[in-house]
Amino acid sequence: MSNWTTICKETDLTPDTGLCALLDGEQVAVFYSKKTGELYAVSNFDPIGEANVLSRGIIGSIGEAVVVASPLYKQHFDLKTGACLEEPEHTLKVYPVRLEAGEVQLQPA
Amino acid sequence: MSKQRIVVVGNGMVGHKFIDNLLQDPKADQFDIVTFSEEPRLAYDRVQLSSYFSGATADDLMLTSEGYYRDNGVNFVLNEKVTELDTANNQVVTSSGRVESYDKLVLATGSFPFVPPIPGNDQEHCLVYRTIEDLEAISASAAQSKIGVVVGGGLLGLEAANALKAAGLETHVVEFAPRLMAVQLDEGGGKLLRRKIEELGVNVHTEKATKEIVAGENCRYRMNFADGSHLETDMILFSAGIRPQDELARQFGLEIGERGGIVVNDSCQTNVDNVYAIGECALWSGRIYGLVAPGYTMAKVAVSHITGGDEQFRGADMSTKLKLLGVDVASIGDAHGNTPGAQSYTYNDEIEQVYKRLIVSADGKKVVGAVLVGDVDAYGNLLQLMLNDMDLPGNPAGLILPAGDGEAAMGLGVDALPDTAQICSCYDVTKGMIKEAVASGCTDMGAIKGATKASTGCGGCAALTKQVLDAELSNLGYEVKNDICEHFAYSRKELADIVRVKKIKTFDELLDSHGKGLGCDVCKPAAASILASFWNEYVLEDNLVGLQDTNDVFLGNMQKDGTYSIVPRVAGGEITPDKLIVLGEVAKEYNLYTKITGGQRIDLFGAQLHELPVIWKKLVDAGFETGHAYGKSVRTVKSCVGSTWCRYGVDDSVGFAIEIEDRYKGLRSPHKLKFAVSGCTRECAEAQSKDVGVIATENGWNLYVCGNGGMRPRHADLLATDLDAETLIKYVDRFLMFYIRTADRLQRTSVWLENLEGGLAYLKDVVINDKLGLAAELEAEMEANIANYQCEWKTTVESPEKLKRFRHFINSDATDSNLAYVVEREQRRPAFKEERIAAVELAD
Ligand SMILES: Cc1cc2nc3c(=O)[nH]c(=O)nc-3n(C[C@H](O)[C@H](O)[C@H](O)COP(=O)(O)OP(=O)(O)OC[C@H]3O[C@@H](n4cnc5c(N)ncnc54)[C@H](O)[C@@H]3O)c2cc1C
């Protein structure tokens, strides 16, 4: 089944930063880490700060986990599982993401 | 029960302490307090008197205020001397004839300077050094003099010499004894001190007995000495010791010691019922204590006795550590080795000019005294060993020998100290109290100072306090580790050194060579700030942008709904009507909530990502620059209107503020930096609550540093006085770069200074005296930073590539649908949760 949606070109990515894409009315935060060479996609809505801001957070690692820090109140979310490290009752949706022929593509969660 | 009436004669340091302690006592409401002061003001800090010559005002020196006394029901009469004592009827009479009865009488009359009975000693420019009025007279006299002599080479004499030297006079010290500070120092220490002081340009004459003071030939006076020599001078300052002020007690029959002083027992009672004596006028066990700490203890003891307690005065240690004319000097216990059988270790380095002598007991096990000149780091350890009667370590010489390369100086291990060990004598803080403070959450020096006051007096115990703090932290299982985060085993200061010395230009380079993992939201912005401080490249370069907090990425301050605020620079708070109109028009066009900031500029709230570039294009076109309100960087230089308009203005504060703001604008630093310039001492710009504060005086600019408003207010410290603009800028360059190099992450200058070992004196040494030989380097770094300045918004609006980031979605022109606003006081604000549904509906 091929419900992959292209959201931008590979060249639109700036390493170690995020951007926000609109996928079927949902806001998705997409990150590219140069060091891990991987793409990550989670929901853009910060459930704690209650605003659409996560794509504007700083990414990094805590222990083994690759994380984004909310730019509002600095909680960390695991980019692979969506789990909030400080307040586990919150999780983000995680979206399948891939690089295909120079294009960045997302699938609904 | 009617209240007991307490009369306190003298409102000096100790008299005030007594009153303050009594007010803090749970039984305070059982007492009525009246105090008489011969001086025209309430108690001030005599210990810091000399700071008057480096710019402190009488107000700065005050230990209390009339308001505080009034609020606490303390009656006080200034300029009123108590002249008679009627102990039979429990009454005193004052110079104006006022009669006051007492239940308890406390004599805290202090002491007066001894002026040797030399013919001619009462002339106009023969002065003493004890009160604020004395200082005013010295200043006035110095202004009409070229040469000054201090009679007396003791502790106070050398302080006085420093004051004369600072006033620009050719300065001489005339001492009767064969060496300086004969009471506190031995021969070796005295000799080195003399050499150092002479190198500083002060002339020292020992073994001189002044016979007479007559008219001079080239100067106002000529001092003739017993040995036939003479010295010409324009003014003379007597500092030949103090005598207890016991006149009143003596006249009205209290017991007086043979050589003066009101005799007291262990409860500070005199021989007459209900009369106490405390402070420098009191003679206990045949001794007068000429230091403030024992006086404070006596005050405590007297309060205890009056309120029914049983504290006793048991004598006091007279060890001292101080800086005289910039020379570090310390004396502990039996400095002369008079203890029977005492032996000593001596370290004398004539090249580095350091002298240390450790005097130990006959069995070699205990410290009985020490003399330290030129390097007093060992003071805290040695003093504690003596006071707590602790055994010396195996190799006592190690306590005064310099540490070899790489090894730490030998400490005594503060763990060995009992909890009762007094660490800070100014505020009587014990090791146990510091431990308690640590246990209740104080984990740095700033917090310890706040909670216990330790090392906020003379500062002599700072190193020891820090040792106790560190030891206690590690005892409690805190790792005393300054690692910035899990990715770097370095503190921010160390990272800054690495970046600077290895000329590292990117985070990846830093992480690959010195770190691990991917980095995080702690180390990345810290590294970005360090890189910006030293290299100052455009923060949105591809290799830098991922390090920045969102505020720096989008050059605005993110608000709670994810929109940004816009703050253009308004240097010095000066703005033309045309520019104001532009701001108004832009705000109106984009419906931005508008507010005036505390930093004298205008904040426009509620801009969405895609709006930022268009708005900024308009602002840049109208001549605005970014205000860096989003960065940990130099924010604003606030100013009052100054001499251009103000009737009281002494100098052009607005002009200088603009010059300073233009120089440092955008400078990135460990935390935000706020400045202010006031045009006169009325201080309307509130410069003394800023990181850098400048105040105009008749003779130039005074420079204050490390003040803070905000969460933990801190009054700024006076760094230097009467500067010309050029020197001031130089000092600020050095100060800022030194802070940038050495501060912790997110550490404001106020906290930084409180944790800086050596404190303000050390900072002055670095910034003014260039003790580290870094001044030129620091200035050059600042020049380089300034040369690379660019308005980040101008660069950004001119770069189509960078503008791509400024949209909410990469794949749609839609905007964030989650935003909702309501109108309040004629402007919009984000809707609260409970208002949202209605607001969104309304928007649809
Ligand atoms: C320049 C200088 C530097 C010093 N540096 C240090 C230092 O580094 N460390 C240290 O420990 N100590 C230092 N001292 C000493 C310290 O200031 C004194 O130990 C302290 O002030 C003693 O306090 P006191 O209240 O006993 O006396 P004072 O502070 O002298 O107060 C006595 C007050 O009583 C008033 N008075 C006297 N008689 C009467 C009367 N009959 N009626 C009404 N009022 C009366 C006096 O006018 C005076 O105001 C320094 C002193 C000076 C002058």
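The values are calculated or read from the model by the stated rules, or taken from the named source; none is laboratory data. Computed from a prediction, not measured in an experiment: that's the story for all the values here. Cβ coordinates were reconstructed from backbone atoms using ideal geometry, including for glycine residues, and neighbour counts include every protein chain displayed. Areas reflect the complete protein model, heavy atoms only, side chains present, ligands, DNA and RNA absent. Shrake-Rupley method; radii C 1.70, N 1.55, O 1.52, S 1.80 Å.
All but one of (1) open to solvent by 30 Å² or more (accessible area, probe 1.4 Å); (2) in contact with a helix residue (DSSP H, G or I) (Cβ under 8 Å, 6 or more places away or on another chain); (3) not in a helix (DSSP H, G or I) hold for B:Y52; which doesn't?
With (1) open to solvent by 30 Å² or more (accessible area, probe 1.4 Å); (2) in contact with a helix residue (DSSP H, G or I) (Cβ under 8 Å, 6 or more places away or on another chain); (3) not in a helix (DSSP H, G or I) applied to B:Y52, the lone miss is (3).
Please verify whether region B:475-489 includes one or more residues that are farther than 25 Å from B:N381 by Cβ, surrounded by 18 or more Cβ atoms within 10 Å (Cβ to Cβ) and among the charged types (D, E, K, R).
The answer is no; no qualifying residue exists.
Hey, among A:L99, A:L22, which residue is over 22 Å from B:K516 (Cβ atoms) and either in a loop (DSSP other than H, G, I, E, B) or within 8 Å of another protein chain (Cβ to nearest Cβ) (or both)?
Working: A:L99 fails: either in a loop (DSSP other than H, G, I, E, B) or within 8 Å of another protein chain (Cβ to nearest Cβ) (or both).
Matching residue, one of A:L99, A:L22: A:L22.
So, in region A:46-90, how many residues would count as being touching a residue at least 40 places away in the same chain (Cβ under 8 Å) and open to solvent by 20 Å² or more (accessible area, probe 1.4 Å)?
Our first condition is that a residue be touching a residue at least 40 places away in the same chain (Cβ under 8 Å); within region A:46-90, this holds for A:47-48, A:59, A:68, A:79-80, A:82, A:90.
Next, only the ones that are open to solvent by 20 Å² or more (accessible area, probe 1.4 Å) stay: A:47-48, A:80, A:90.
Looking only at that region, the number is 4.
Six or more apart or on different chains, Cβ under 9 Å: which pairs go from a residue in region B:273-293 that's within 16 Å of B:Q245 (Cβ to Cβ) and not assigned by TED's automatic domain parsing to the domain that holds B:K104 to one that's within 10 Å of the ligand (Cβ to nearest atom) and not in a helix (DSSP H, G or I)? Could you list them?
none
Going residue by residue through region B:538-546, is there one that turns out to be crowded, with 22+ Cβ neighbours inside 10 Å, modelled with pLDDT under 95 and β-branched (V, I, T)? I'd like the intermediate steps shown before the answer.
Just the residues of region B:538-546 that are crowded, with 22+ Cβ neighbours inside 10 Å, to begin with: B:539, B:544, B:546.
Subsequent filtering for residues that are modelled with pLDDT under 95 retains B:539, B:544, B:546.
From what's left, β-branched (V, I, T): B:539.
For region B:538-546, residues crowded, with 22+ Cβ neighbours inside 10 Å, modelled with pLDDT under 95 and β-branched (V, I, T): present.
If you go through region B:30-40, how many residues are open to solvent by 50 Å² or more (accessible area, probe 1.4 Å) and within 13 Å of the ligand (Cβ to nearest atom)?
Residues in region B:30-40 being open to solvent by 50 Å² or more (accessible area, probe 1.4 Å) and within 13 Å of the ligand (Cβ to nearest atom): 2 in total.
Residues that are on the phi < 0 side of the Ramachandran plot and within 11 Å of the ligand (Cβ to nearest atom), at least 3 per element: which strands (runs of 3 or more DSSP E) completely within region B:82-168 meet that? Walk me through it before giving the result.
Working: elements: B:82-86, B:91-94, B:99-101, B:104-107, B:111-113, B:126-128, B:147-151.
So the answer is B:82-86, B:91-94, B:111-113.
Could you figure out which of (1) within 14 Å of another protein chain (Cβ to nearest Cβ); (2) in contact with a Phe, Trp or Tyr (Cβ under 8 Å, 6 or more places away or on another chain); (3) at pLDDT below 90 isn't true of B:L756?
Single failed check for B:L756: (1).
State whether the residues of region B:505-519 include one that is buried (at least 18 other Cβ atoms within 10 Å of the Cβ), away from chain A (no Cβ under 14 Å) and not in a helix (DSSP H, G or I).
So far as region B:505-519 goes, no, none of its residues is buried (at least 18 other Cβ atoms within 10 Å of the Cβ), away from chain A (no Cβ under 14 Å) and not in a helix (DSSP H, G or I).
State all residues of region B:610-660 that are of a type in the set (K, R) and closer than 13 Å to B:W793 by Cα; if no residue qualifies, say none.
First, pick out the residues of region B:610-660 that are of a type in the set (K, R): B:617-618, B:632, B:635, B:638, B:647.
Correct list: B:K617, B:K618.
Within region A:35-68, how many residues turn out to be in a loop (DSSP other than H, G, I, E, B), under 21 Å from B:P525 (Cα atoms) and at the interface with chain B (Cβ under 8 Å from one of its Cβ atoms)?
First pass over region A:35-68, keeping only residues in a loop (DSSP other than H, G, I, E, B): A:35-37, A:44, A:47-50, A:53, A:57, A:63-64.
Cutting the leftovers down to under 21 Å from B:P525 (Cα atoms) gives us A:35-36, A:49, A:53, A:57, A:63-64.
Now narrow it down to the ones that are at the interface with chain B (Cβ under 8 Å from one of its Cβ atoms): A:35-36, A:49, A:53, A:57, A:63.
Total satisfying the criteria: 6.
Kindly state which strands (runs of 3 or more DSSP E) lie completely within region B:169-246 and contain at least 1 residues that are under 29 Å from the mean Cα position of the chain (by Cα) and touching a residue at least 12 places away in the same chain (Cβ under 8 Å).
The qualifying strands (runs of 3 or more DSSP E) are B:170-174, B:235-238, B:242-244.
For region B:64-71, state whether one or more residues are within 14 Å of the ligand (Cβ to nearest atom) and more than 14 Å from chain A (Cβ to nearest Cβ).
yes
Suppose we keep only residues that are without any contact (Cβ under 8 Å) to a residue 60 or more places away in the chain and assigned to a loop (DSSP other than H, G, I, E, B) within region B:800-812. Which one would you say is farthest from the other protein chains (Cβ to nearest Cβ)?
Within region B:800-812, the first condition is being without any contact (Cβ under 8 Å) to a residue 60 or more places away in the chain, and the residues that meet it are B:800-801, B:804, B:809-812.
Filter once more, so that each one left must be assigned to a loop (DSSP other than H, G, I, E, B): B:804, B:809-812.
Values: B:K804: 7, B:F809: 5, B:I810: 5, B:N811: 5, B:S812: 4 Å.
Step by step, filter region B:800-812, then rank; the result is B:K804.
Which strands (runs of 3 or more DSSP E) sit wholly inside region B:679-744 and have at least 2 residues that are farther than 22 Å from B:E574 by Cβ and open to solvent by less than 30 Å² (accessible area, probe 1.4 Å)? Break it down stepwise before answering.
Numbers: elements: B:692-697, B:700-705, B:717-723.
Passing ranges, in order: B:700-705, B:717-723.
Among the residues of region B:630-665, write down those that are outside any strand (DSSP E or B) and either open to solvent by less than 10 Å² (accessible area, probe 1.4 Å) or among the aromatic types (F, W, Y) (or both).
If the condition is that a residue be outside any strand (DSSP E or B) and either open to solvent by less than 10 Å² (accessible area, probe 1.4 Å) or among the aromatic types (F, W, Y) (or both), then B:Y630, B:G631, B:G642, B:W645, B:Y648, B:S653, B:F656, B:A657, B:I660, B:E661, B:Y664 are the ones that fit.
Taking B:K618 as the residue in question, decide whether it is basic (K, R), surrounded by fewer than 20 Cβ atoms within 10 Å (Cβ to Cβ) and either out of contact with any Phe, Trp or Tyr (no Cβ under 8 Å at 6 or more places or on another chain) or assigned by TED's automatic domain parsing to the domain that holds B:G655 (or both).
On the way: basic (K, R): yes; surrounded by fewer than 20 Cβ atoms within 10 Å (Cβ to Cβ): yes; either out of contact with any Phe, Trp or Tyr (no Cβ under 8 Å at 6 or more places or on another chain) or assigned by TED's automatic domain parsing to the domain that holds B:G655 (or both): yes.
The answer is yes for B:K618.
Consider B:P26 carefully, then state whether it is away from the ligand (no atom under 16 Å from the Cβ) and at negative phi. Spell out the reasoning first.
Details: away from the ligand (no atom under 16 Å from the Cβ): yes; at negative phi: yes.
So B:P26 passes the test.
Restricting to region B:104-136, name every residue that is open to solvent by 40 Å² or more (accessible area, probe 1.4 Å) and of a type in the set (A, V, I, L, M).
B:V115
So which strands (runs of 3 or more DSSP E) stay within region B:247-359 end to end and still have 3 or more residues that are away from the ligand (no atom under 16 Å from the Cβ) and of a type in the set (A, V, I, L, M)? If you could, list the steps in order and put the result at the bottom.
Values: elements: B:262-264, B:275-277, B:282-284, B:320-324, B:327-333, B:343-349.
Correct list: empty, since no element meets the threshold.
Would a scan of region B:14-21 turn up a residue that is touching a residue at least 24 places away in the same chain (Cβ under 8 Å), near the ligand (Cβ under 9 Å from one of its atoms) and open to solvent by less than 10 Å² (accessible area, probe 1.4 Å)?
So the first thing to find is which residues in region B:14-21 are touching a residue at least 24 places away in the same chain (Cβ under 8 Å), and the list is B:14-21.
Adding the requirement that they be near the ligand (Cβ under 9 Å from one of its atoms) leaves B:14-18.
Cutting the leftovers down to open to solvent by less than 10 Å² (accessible area, probe 1.4 Å) gives us B:15, B:18.
Yes, region B:14-21 contains a residue that is touching a residue at least 24 places away in the same chain (Cβ under 8 Å), near the ligand (Cβ under 9 Å from one of its atoms) and open to solvent by less than 10 Å² (accessible area, probe 1.4 Å).
Of the residues that sit in region A:7-19 and are in a strand (DSSP E or B) and more than 8 Å from every other protein chain (Cβ to nearest Cβ), which one is farthest from A:P71 (Cα to Cα)?
Applying the first criterion (in a strand (DSSP E or B)) to region A:7-19 yields A:7-9, A:17-19.
If we keep only those that are more than 8 Å from every other protein chain (Cβ to nearest Cβ) too, we end up with A:9, A:18.
Numbers: A:K9: 25, A:G18: 12 Å.
Here the residue is A:K9.
Being modelled with pLDDT of 95 or more, part of a helix (DSSP H, G or I) and not aromatic (F, W, Y) is the requirement here; does B:A676 meet it?
Working: modelled with pLDDT of 95 or more: yes; part of a helix (DSSP H, G or I): no; not aromatic (F, W, Y): yes.
No; evaluated as a whole, the condition is false for this residue.
Given the criterion without any contact (Cβ under 8 Å) to a residue 40 or more places away in the chain and either open to solvent by less than 30 Å² (accessible area, probe 1.4 Å) or within 21 Å of B:K794 (Cα to Cα) (or both), identify the matching residue among B:A532, B:A527.
Details: B:A532 fails: without any contact (Cβ under 8 Å) to a residue 40 or more places away in the chain.
Among B:A532, B:A527, only B:A527 is without any contact (Cβ under 8 Å) to a residue 40 or more places away in the chain and either open to solvent by less than 30 Å² (accessible area, probe 1.4 Å) or within 21 Å of B:K794 (Cα to Cα) (or both).
Among the residues of region A:25-34 satisfying the criterion of being surrounded by fewer than 19 Cβ atoms within 10 Å (Cβ to Cβ) and farther than 25 Å from B:E486 by Cα, which is nearest to the other protein chains (Cβ to nearest Cβ)? So that I can check it myself, show each step before the final result.
So in region A:25-34, the residues surrounded by fewer than 19 Cβ atoms within 10 Å (Cβ to Cβ) come out as A:25-26, A:34.
With the extra rule that they be farther than 25 Å from B:E486 by Cα, the set shrinks to A:25-26.
Numbers: A:G25: 9, A:E26: 11 Å.
Of everything passing the filter in region A:25-34, A:G25 is nearest to the other protein chains (Cβ to nearest Cβ).
With B:L193, B:L248, B:L291 as the choices, which residue is within 17 Å of B:V14 (Cβ to Cβ) and surrounded by 20 or more Cβ atoms within 10 Å (Cβ to Cβ)? Spell out how you get there, then give the answer.
Numbers: B:L193 fails: within 17 Å of B:V14 (Cβ to Cβ); B:L291 fails: surrounded by 20 or more Cβ atoms within 10 Å (Cβ to Cβ).
When all the criteria are applied, what remains is B:L248.
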